[in-house]
Amino acid sequence: MLFHHHLISSKNNFTIRIHLDDTTEENGALKVIANSHSKGIYRPETINWNIEKEISCNIKRGGVMIMKPLLLHSSSRTSNNKKRRVIHLEFSNKILPKELKWSEYLSFE
């Protein structure tokens, strides 16, 4: 399984995942390496699997998961052919470089 994190993320970003379906290990629930976001850029090839353990985030329909985008995460394909629809929203208080634009931006100044 290939774990990854979002490289443009900063420590000020967070993600809200709203689950439209139950997510279980059988339909590809998100798997995370707990506290990996606190290690900065943590490459999957450098993980010590004798120490680190993946955790399956089984969430019921209507449940909400809040996470840091730098949290190392992955998911598998469904093995039971059930849906795992999720609304995935990322928030940041950082301004992007001028070559990039947020698809939606709201200033709270």
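Quick notes
- Residue that is surrounded by the most Cβ atoms within 10 Å (Cβ to Cβ), among those in region 8-20 that are modelled with pLDDT under 95 and part of a loop (DSSP other than H, G, I, E, B): S9
- Selected residue (only one of L89, L100, L96 is over 29 Å from G28 (Cα atoms), surrounded by 10 or more Cβ atoms within 10 Å (Cβ to Cβ) and aliphatic (A, V, I, L, M)): L96
- A search for C-beta distances below 7 Å between a residue of region 60-87 that is more than 15 Å from F14 (Cβ to Cβ) and any residue that is part of a loop (DSSP other than H, G, I, E, B) and among the β-branched types (V, I, T), counting only pairs 6+ apart in sequence or on different chains, returns R84/T78.
- Matching residues, region 21-52, being surrounded by fewer than 14 Cβ atoms within 10 Å (Cβ to Cβ) and in a loop (DSSP other than H, G, I, E, B): A34, N35, G40, I41, R43, N48, W49, N50, I51
- Residue pairs meeting the criteria (Cβ under 6 Å; at least 6 apart or on separate chains; first within 14 Å of S74 (Cα to Cα), in region 36-56; second of a type in the set (G, A, S) and loosely packed, with under 15 Cβ neighbours inside 10 Å): I55/A34
- S92 vs. criteria of a type in the set (S, T, Y) and modelled with pLDDT under 85: yes
The values are calculated or read from the model by the stated rules, or taken from the named source; none is laboratory data. If you're wondering where the values come from, they're calculated on a predicted model, not measured in any experiment. Reconstructed Cβ throughout: ideal geometry from the backbone, glycine too, with neighbour counts over all protein chains shown.
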